[in-house]
Amino acid sequence: MKHLYTIADLRENTLPKNAKLAVLGYPVAHSKSPQMHQAALDDLGIDLSYIRLELKPGELPEAFSLMQKLGFHGCNVTIPHKLEARECSDVITESVEALGVANTIHFKNGNILADNTDGPGLIKALEEDFSISISGINVLLLGAGGGAGKAIATQLARAGCDTIYLSNRTASKLENLTTQLKSEYSASIHELGNSAEEISEVTKVVQLIVNATSLGMKPDDLAPMPFNSLGPQHLVYDAIYSPAETELLKAARLAGAKTSNGLSMLVHQGAISFEIWTGQTPNTGLMRAAISSEG
Ligand code: NAP
């Protein structure tokens, strides 16, 4: 089994015989989805391989057609193909409609069905990690104008949060998002910048704080929020999972807050995709262990 396959492997059918699931992206060499899904497949005795397919922009329609001919069950789709995956599909779910893009494709009865498990995976992660229901709570979302942040904001509104405070360094990136969320969902939506004063004020009225900025991935990164506003009443979720404990999560833990990192988002979106393809429930503990052990 190679680390990476390309469109040439699909055209010439030089893939492993039982490769019927894949993650498609560009680049995709870093993706941990194969380890995670393979652990679940092996555990359930399902004789399939999950591979990485590096597809250049524009190669997706041909790849889907070849994958259908080769009997693929489905695939995950990541950057930069998520929008095109939606556009190439015959049927889309409500989740794709709401989030605008697809991350899961199911080839079924000659049709291409598109779903988005990122949103539902996030909610499952938050509810399980913190033993809460998202419905009715107040949330502060840091980095709401980024790619992950916009999807998280939409999903929080879909899941019935009462009030969502959207914070972003570049305020202009929130305008369209705020308008869209206000028009489609009942949640009360408020825009903020990212000053310490604005964020501190909001921490007094929220239960959940989600970091969707990229701050915290590197040791010398700035803090995404003032740490002295954190307290034991907070649930703090960092979408970052490497490092496993960012400075934000460390400060939150020391302040007595409950904390969790983005690994659970990754695992749960994968588990929901897995169920779509196989009809079986994977062992999420094993999936998590398969990617945690990679470092
Ligand atoms: P992105 O589109 O580049 O967005 C980055 C966000 O961080 C923007 O809101 C940006 O603000 C903010 N930011 C960056 N540098 C900043 C700084 N110096 N000060 C203040 N804000 C700053 O990235 P993304 O794809 O959304 O990813 C964001 C994070 O989510 C990453 O850490 C990624 O690893 C994580 N993530 C996790 C998962 C998972 O499954 N767990 C999935 C996706 C993403 P501006 O808009 O002002 O630039």
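A few remarks follow.
- Among the residues of the range 193-225, those identified as within 12 Å of the ligand (Cβ to nearest atom) and surrounded by 18 or more Cβ atoms within 10 Å (Cβ to Cβ) are ASN194, ILE199, VAL210, ASN211, ALA212, THR213, LEU215, GLY216, PRO224, MET225.
- Residues in the range 1-53 that are more than 17 Å from HIS73 (Cα to Cα), modelled with pLDDT of 95 or more and basic (Lys, Arg): ARG11 only.
- Scanning the range 157-191 for residues that are more than 12 Å from the ligand (Cβ to nearest atom) and of a type in the set (A, V, I, L, M, F, W, C) turns up ALA157, ALA159, CYS161, ILE164, LEU181, ALA187, ILE189.
- Cβ-Cβ under 6 Å pairs, at least 6 apart or on other chains, the range 229-255 side free of Cβ contacts under 8 Å to residues at least 60 places away in the same chain, far side among the charged types (D, E, K, R) and within 14 Å of the ligand (Cβ to nearest atom): THR246/ASP238; LEU248/ASP238; LEU249/ASP238
- Check on LEU15, touching a helix residue (DSSP H, G or I) at 6+ places or on another chain (Cβ under 8 Å), touching a residue at least 40 places away in the same chain (Cβ under 8 Å), in a loop (DSSP other than H, G, I, E, B) and crowded, with 19+ Cβ neighbours inside 10 Å: yes
- Lone qualifier among ALA29, ALA63, ALA22 - being within 15 Å of TYR5 (Cα to Cα) and surrounded by fewer than 19 Cβ atoms within 10 Å (Cβ to Cβ): ALA29
- Verdict on ALA102 being in contact with a strand residue (DSSP E or B) (Cβ under 6 Å, 6 or more places away or on another chain), assigned to a loop (DSSP other than H, G, I, E, B), among the aliphatic types (A, V, I, L, M) and closer than 30 Å to GLY71 by Cα: yes
- Looking only at residues of the range 26-76 that are among the charged types (D, E, K, R) and assigned to a loop (DSSP other than H, G, I, E, B), we find that the one that is nearest to LEU263 (Cα to Cα) is LYS32.
- Scanning the range 125-151 for residues that are within 15 Å of the ligand (Cβ to nearest atom) and modelled with pLDDT of 95 or more yields a count of 9.
The values are calculated or read from the model by the stated rules, or taken from the named source; none is laboratory data. Note that this is a predicted model, so its numbers are computed, not measured. Here Cβ is always computed from backbone atoms with ideal geometry, including for glycine, and neighbour counts include all displayed protein chains.
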